[in-house]
Amino acid sequence: MGRTGIGSGIVSIVVGLSLLAGACAPPGAPGASQKPSGPLKVGFLAPITGTGAASGNDMINGWKLYWKTNAGNIAGREVQTAYEDTAGDVNTALTKARQFVEQQQVDMIVGPLFANEGLAVADYLKTAGTPGFYPIVSADDLTQRQRVDNVIRVAGWTSSQPHHPLGEWAYDQGYRKVLTICADYAFGQEVCGGFLRTFAGEKGGEVVKQLWDPVGTPDFSSYLSQIPGSGMDAVFALQVGADSVRFVKQWNDFGYKDKIPLIGGEVLLDQSLLRNMGPEAEGLISAGHWAEGRPAKETQDFDEAYLKEYNQLPSYYAAATYSAGLWISQGVQKVNGNTADRKPFLDAVRTTEIDAPLGHLKLDSYGNPIATIYVRRVERRPDGKLWNVPIQTFEGVSQFWNFGPDKFLKQPVYSRDFQGLPEQLKGLGLK
Amino acid sequence: MNVLRLLSMHRAVLVAALALAVAVPYLTTSYYVSIATQVMYFGLLAMSIDLLGGYLGLMPLGHAGIMGVAAYVMGYLVSKAHWGWPAAVVAALLVTLVVCLVFGLLAVRTTGIFFVMITMAEGMLVWGLAYRWSSVTGAENGIRGVSRPEFATLYWQYYYLVLGVFIVCALLLTLVVRSPFGLVLKGIRESESRMLTLGYNVTLHKLLAFVLSGLFAGAAGLLYAWYNQFISPSAINITASTEGILMVVLGGPGTLLGPVLGAGAIVFVKNILSMYVTRWPTIMGLIFIAVVLFAQDGILGALRRARVGRSRGESVRSQGDRAWDALELEAESSRSSSA
């Protein structure tokens, strides 16, 4: 008796109230924007704990250094940055992004680190409308097949971008048969695909074997032992984080260094990892959109300032967020601090060109920088620190390389199933 | 007399809670509305875990994986195959049903730690598939663009959708645990061998409970995917499954309200306390230690004890625990004979 009473009571109340609720929407839509006069609020997403913590700290260091060395305000608005920890977790990143936009009503979001965080947050920002500036997240599709208008990669890059020229460079060095060993996840697959798209797909080089190791591989012996008998004349490798340190160490232990040519993808020998490497890394070659050993003034001044502030050389994470600071401040300057009108503000950022520590940067119409790409060699500085010195420079490299957006976007995003190899391109009718 | 008063009090509390839930979008900002939305779908997941862990006495460590099956199927169909949402929801729940049947057949043959291990393996299986099968699941970049039903695109509309689903599921679960079927589940928890001797088909009941629980987890998965409009492997990994169990333990296993309270507590600490305290995981850890030390029957148990304690001196659940101890020998012998 009692139970049915409660049940029907509840049902009638719910029905009644939801009819009432449906009739009139609650007031106050999210994302109410700031007045141009108040402080400029920046929500900065980075992992401060978890596997990405070291990179996350570099991101924050670079960003802080920009606002320290340059006045902490733009167009009369004080710049206030709030930092939130994503812990490298996509759900946490989403929650924090929501909190920034809906609770703190920030003018823009800068960050995060990982591709999956970046993609998820971009989807959220699409509905919220808040500008998102991504200096680090490099997932190709973010500015290719799945663009979000208000998310721009200021001072950012796509995973395959530096590796298109690297593939051609490798072929021009006389290498004809490569073996690849790349981390088996989207970033590793996009990096490897970028390299092979030009080396094999365009130039006609041969791929003797592709090895894929899971992220967090504790021991590379079983992979490295497959190299000598494979008939290759060079090895292309991409590992991330602690895996890179282990890989380079074992490469040396196996006696391959100086015997087998090793071509590294970006981040295999990033400054953040060189700090933990020794003589085993000296002389190794890789490509990237950041070279701390670049002699240009913008780079050297930044290196000096960073070294003085943090007693270490800047990694690409720090260089990118520093450059993003420069970029964004010029954009805000152009609209006289009026970031509340989002379209003019985003257009101002899109048309800004800067000479950053990374080199000369401007955006293509897809929201990704046309950048300078360096082929770099690890060298020892007089103070004993290792750094990457450019040995060849490619100016004005687009995310679409020389293919042009229309042709490039006909191919699928690089994955294990599509590595830009000649037969795969033929299968798609692209060659 | 007493029972009547208790009932009317329950009714008053329920009505007040419902009125509050309906009023939430009018009382606060969109951020807190989205937090409340989270509490409800995590609460639903926790209740589904509790149906097995609390009522049947078999704690599953892979329910985030089952939630993931529904979320991924719906996500794929909506965003990549461009199905309409009603068809995608039906398909997702059907696939979840089939997966639960298979997983259940494997799992219900075991008890205790073996059940935990096998459900963990099942959860990891789903996670591994989501992580590796990149052409379908997008690997760790996940599936994007899982658009919500067109009538629930705004945050408050979506809140009411989740509230509606939550209430319906909570009512259904209440009916289940109060039904003769639910009593059998409790009976199995207290003594499997006795239920066998009484002529109940214990395995069938366990399997049905597993499938039922999986369907509710699947519903939570659908709400989850729509909420973020995105689904990725990190949402369904073992950490997510463990968090579901923590919600149950924190709130009070063997009750339906408890897990919802537990979900509320965890979502609160993760989303709101973390705004003010950088080391919020430490606080969460301390809360768990406190619960394990001082309130083994969870928040709800502690609340009940505070109320009932004056007249009776001990909780219902701790009586149940003593019954457990008494039956331990029997359970032990039945396990060895079946092996």
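Might you let me know whether region A:68-83 holds any residue that is within 13 Å of chain B (Cβ to nearest Cβ) and modelled with pLDDT of 90 or more? Yes, there is a match, as at least one residue in region A:68-83 is within 13 Å of chain B (Cβ to nearest Cβ) and modelled with pLDDT of 90 or more.
The lone criterion from (1) farther than 19 Å from A:L125 by Cα; (2) in the same structural domain as A:A155 (by TED's automatic domain parsing) left unmet by A:L346 is number (1). Residues that are in a loop (DSSP other than H, G, I, E, B) and among the acidic types (D, E) are absent from region A:123-136 altogether.
Within region A:373-405, the residues that satisfy the criterion of being surrounded by fewer than 19 Cβ atoms within 10 Å (Cβ to Cβ), under 23 Å from A:E190 (Cα atoms) and among the small types (G, A, S) are A:G396, A:G404. Scanning region B:234-268 for residues that are surrounded by fewer than 17 Cβ atoms within 10 Å (Cβ to Cβ) and of a type in the set (V, I, T), we see that the one that is nearest to the other protein chains (Cβ to nearest Cβ) is B:T239.
Of all the residues in region A:305-358, those that are closer than 14 Å to A:L65 by Cβ and not hydroxyl-bearing (S, T, Y) number 16. Across region A:336-344, not a single residue is classified as in contact with a helix residue (DSSP H, G or I) (Cβ under 9 Å, 6 or more places away or on another chain), aliphatic (A, V, I, L, M) and more than 14 Å from every other protein chain (Cβ to nearest Cβ).
Here is a check on your reading of the model: is B:S34 part of a helix (DSSP H, G or I), polar (S, T, N, Q) and either crowded, with 19+ Cβ neighbours inside 10 Å or in contact (Cβ under 8 Å) with a residue 40 or more places away in the chain (or both)?
For B:S34, the condition - part of a helix (DSSP H, G or I), polar (S, T, N, Q) and either crowded, with 19+ Cβ neighbours inside 10 Å or in contact (Cβ under 8 Å) with a residue 40 or more places away in the chain (or both) - is met.
How about region A:176-186: which of its residues are of a type outside the set (V, I, T) and surrounded by 24 or more Cβ atoms within 10 Å (Cβ to Cβ)? Hits for region A:176-186 are A:C182, A:A183, A:A186. Pull up region A:211-242, narrow it to residues that are charged (D, E, K, R) and not in a strand (DSSP E or B), then point me to the one that is surrounded by the most Cβ atoms within 10 Å (Cβ to Cβ). Here the residue is A:D233. Apart from one condition, A:K308 fits all of (1) assigned to a loop (DSSP other than H, G, I, E, B); (2) charged (D, E, K, R); (3) loosely packed, with under 15 Cβ neighbours inside 10 Å; the exception is (1). If you go through region A:91-106 and keep only what is closer than 14 Å to B:F230 by Cα and either more than 8 Å from chain B (Cβ to nearest Cβ) or polar (S, T, N, Q) (or both), you end up with A:N91, A:T92, A:A93, A:T95. The sole residue among A:Q103, A:Q173 that is of a type outside the set (D, E), farther than 20 Å from B:G138 by Cβ, in contact with a helix residue (DSSP H, G or I) (Cβ under 6 Å, 6 or more places away or on another chain) and surrounded by fewer than 22 Cβ atoms within 10 Å (Cβ to Cβ) is A:Q103.
The residues listed here are B:A64, B:A87, B:A121; of these, the one that is assigned to a helix (DSSP H, G or I) and within 14 Å of chain A (Cβ to nearest Cβ) is B:A64. Scanning region B:202-233 for residues that are farther than 27 Å from B:V146 by Cα and either within 14 Å of chain A (Cβ to nearest Cβ) or of a type in the set (D, E) (or both) returns no hits.
If you take the residues in region B:161-184 that are more than 11 Å from chain A (Cβ to nearest Cβ) and of a type in the set (A, V, I, L, M), which one is nearest to B:T37 (Cα to Cα)?
B:V162
Somewhere in region B:18-26, is a residue more than 14 Å from chain A (Cβ to nearest Cβ) and of a type in the set (F, W, Y)?
Checked against the condition, which is being more than 14 Å from chain A (Cβ to nearest Cβ) and of a type in the set (F, W, Y), region B:18-26 yields no hits at all.
Taken over region A:137-164, the criterion of being more than 14 Å from every other protein chain (Cβ to nearest Cβ), part of a loop (DSSP other than H, G, I, E, B) and surrounded by 24 or more Cβ atoms within 10 Å (Cβ to Cβ) is satisfied by A:R153, A:V154, A:A155, A:G156, A:W157, A:S160, A:Q161, A:P162.
If the condition is being hydroxyl-bearing (S, T, Y), in contact (Cβ under 8 Å) with a residue 60 or more places away in the chain, part of a helix (DSSP H, G or I) and more than 15 Å from A:L40 (Cβ to Cβ), then region A:313-357 contributes A:Y317, A:T321, A:Y322, A:S323.
The values are calculated or read from the model by the stated rules, or taken from the named source; none is laboratory data. No experiment lies behind these values; they were computed from the predicted model shown. As a convention, Cβ positions derive from the backbone with ideal geometry for all residues, glycine included, and neighbour counts pool all protein chains shown.
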